[in-house]
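Structure first, commentary second.
The values are calculated or read from the model by the stated rules, or taken from the named source; none is laboratory data. Bear in mind the structure is a predicted one, so any value in this text is a computation, not a measurement. Here the Cβ is made from the backbone with ideal geometry for all residues, glycine too, and neighbour counts use every protein chain on show. Heads up: the accessible areas ignore ligands, DNA and RNA and are worked out on the full protein's heavy atoms, side chains in. Shrake-Rupley method; radii C 1.70, N 1.55, O 1.52, S 1.80 Å.
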Amino acid sequence: MKFFVTGVNGQLGHDVMNELAQRGHEGVGSDLAKSYAGVADDSAVTKMPYLALDITDREAVQKALEEVRPDAVIHCAAWTAVDLAEDEDKVETVRAVNAGGTRNIAQACRGLDCKLLYLSTDYVFDGQGTEPWKPDCKRYRPLNVYGQTKLEGELAVAGILEKYFIVRIAWVFGLNGRNFIRTMIGVGKNHDEVRVVNDQIGTPTYTFDLARLLVDMCETEKYGYYHATNAEVDEEEAEKTGCKAGYISWYDFCCEFYRQYGLKTKVTPVTTEQYGQSKAARPANSRLDKSKLLQNGFQPLPTWQDAVRRYLQEAQL
């Protein structure tokens, strides 16, 4: 198959391109920069075809996809700086990227009759309650600009196309770029104590594992909405390792990767209100129900604890 991948200078796009190369698929990457500007790790993505593309430019998107003529597009590009998105002078740009850019991609896919896989977020929901969100739930109520514009992207895809996958993820980390693990290990090396919120609950997503699943999906016609994060740790594994079973908080997440890394920094749990540094409202309930993956024959992602172990081996922080 031939794939067109947006956002290859980010964590997920980088891993998707490498997964495509490993499977023998043809991949063309794109991003805003004039040339590939991700981590210079000499992996396949650094050598694969690349197109500079502003997804907010409808004509440029149309021209790029007509030139590439892909069988599938994996749309990773997005404005993801959640707090900055709340600034009044940024809202128009955030909407142009997350909603308008996605609409441009979807319209181009319709003209070429190719598949589109769009990455979305648990932020399309309001984060209330304790029940995991089902992928086909339509009770949308985003709490911030980022969530609202990603929802607008979802609605554009579903309204324009029939051959689409909408995959919601959460708490992303990968080798190519900044993420919570990298940031907090850096902080922990220079402080005796860190404060981490313990009232936002979910599970993280390792982009290396997610990339495999996304390509699996695009090799099928099992279209629709899905949720995909790394799996929760079961009770037996939790007893053996000392990490928390089931869905976790950011505090639990930090405690585990500090333990695996060997950091002795004290981790103090605080509420979101006590932490008080975010401009954008965050959902308390980021639990995503991933059972639809198994129901449709897809292999779920490994446990988040295992993903942390592999990430730390690769990242060399």
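Can you name the residue in the range 276-294 that is open to solvent by less than 20 Å² (accessible area, probe 1.4 Å) and either touching a His at 6+ places or on another chain (Cβ under 7 Å) or in a loop (DSSP other than H, G, I, E, B) (or both) and is also farthest from residue 253 (Cα to Cα) among such residues?
The first filter runs over the range 276-294 and keeps only residues open to solvent by less than 20 Å² (accessible area, probe 1.4 Å), leaving 280, 283, 285-286, 288, 293.
Remaining after also requiring either touching a His at 6+ places or on another chain (Cβ under 7 Å) or in a loop (DSSP other than H, G, I, E, B) (or both): 280, 283, 286, 288.
Details: 280: 21, 283: 17, 286: 14, 288: 16 Å.
Looking at residues that are open to solvent by less than 20 Å² (accessible area, probe 1.4 Å) and either touching a His at 6+ places or on another chain (Cβ under 7 Å) or in a loop (DSSP other than H, G, I, E, B) (or both), I get 280.
Starting from residues that are crowded, with 22+ Cβ neighbours inside 10 Å and in contact with a strand residue (DSSP E or B) (Cβ under 8 Å, 6 or more places away or on another chain), keep the ones in the range 11-27 and report whichever is farthest from residue 66 (Cα to Cα).
Selected residue: 11.
Considering only the range 39-65, state which residues are in contact with a helix residue (DSSP H, G or I) (Cβ under 7 Å, 6 or more places away or on another chain) and closer than 20 Å to residue 218 by Cα.
Listed by number, the residues that qualify are 44, 45, 48, 65.
Might you check whether a residue that is at pLDDT 95 or above, open to solvent by 10 Å² or more (accessible area, probe 1.4 Å) and over 18 Å from residue 301 (Cα atoms) occurs anywhere in the range 205-222?
Yes: one or more hits.
Looking only at helices (runs of 4 or more DSSP H) that lie completely in the range 1-108, which have at least 3 residues being in contact with a Cys (Cβ under 6 Å, 6 or more places away or on another chain)? Lay out the reasoning, then the answer.
Details: elements: 11-23, 58-68, 91-95.
Helices (runs of 4 or more DSSP H) meeting the threshold: none at all.
Can you tell me which residues in the range 213-247 are within 19 Å of the chain's Cα centre (by Cα) and part of a loop (DSSP other than H, G, I, E, B)? Spell out the reasoning first.
Of all residues in the range 213-247, those within 19 Å of the chain's Cα centre (by Cα) come to 213-218, 223-232, 247.
Of everything in the range 213-247, those that are within 19 Å of the chain's Cα centre (by Cα) and part of a loop (DSSP other than H, G, I, E, B) turn out to be 223, 228, 229, 230, 232, 247.
Determine which single condition residue 138 fails, assuming it passes every other condition in (1) without any contact (Cβ under 8 Å) to a residue 12 or more places away in the chain; (2) among the basic types (Lys, Arg); (3) open to solvent by less than 20 Å² (accessible area, probe 1.4 Å).
It fails just one condition, (3).
List the pairs whose first member sits in the range 262-275 and is assigned to a strand (DSSP E or B) and open to solvent by 50 Å² or more (accessible area, probe 1.4 Å), whose second member is at pLDDT 95 or above and among the aromatic types (Phe, Trp, Tyr), and whose Cβ atoms are under 9 Å apart, counting only residues at least 6 apart or on separate chains?
269/251
Take residue 41 and tell me if it is charged (D, E, K, R), touching a residue at least 40 places away in the same chain (Cβ under 8 Å), more than 20 Å from residue 110 (Cβ to Cβ) and open to solvent by 50 Å² or more (accessible area, probe 1.4 Å).
yes
Restricting to the range 109-134, what's the tally of residues that are in a loop (DSSP other than H, G, I, E, B) and open to solvent by 10 Å² or more (accessible area, probe 1.4 Å)?
Within the range 109-134, the subset in a loop (DSSP other than H, G, I, E, B) is 113-114, 125-132, 134.
Now drop any that are not open to solvent by 10 Å² or more (accessible area, probe 1.4 Å), which leaves 113, 126, 128-132, 134.
Going through the range 109-134 one residue at a time, the tally reaches 8.
Could you list all residues from the range 146-184 that are within 29 Å of residue 307 (Cβ to Cβ), among the hydrophobic types (A, V, I, L, M, F, W, C) and in a helix (DSSP H, G or I)?
Scanning the range 146-184 gives 151, 157, 180, 181, 184.
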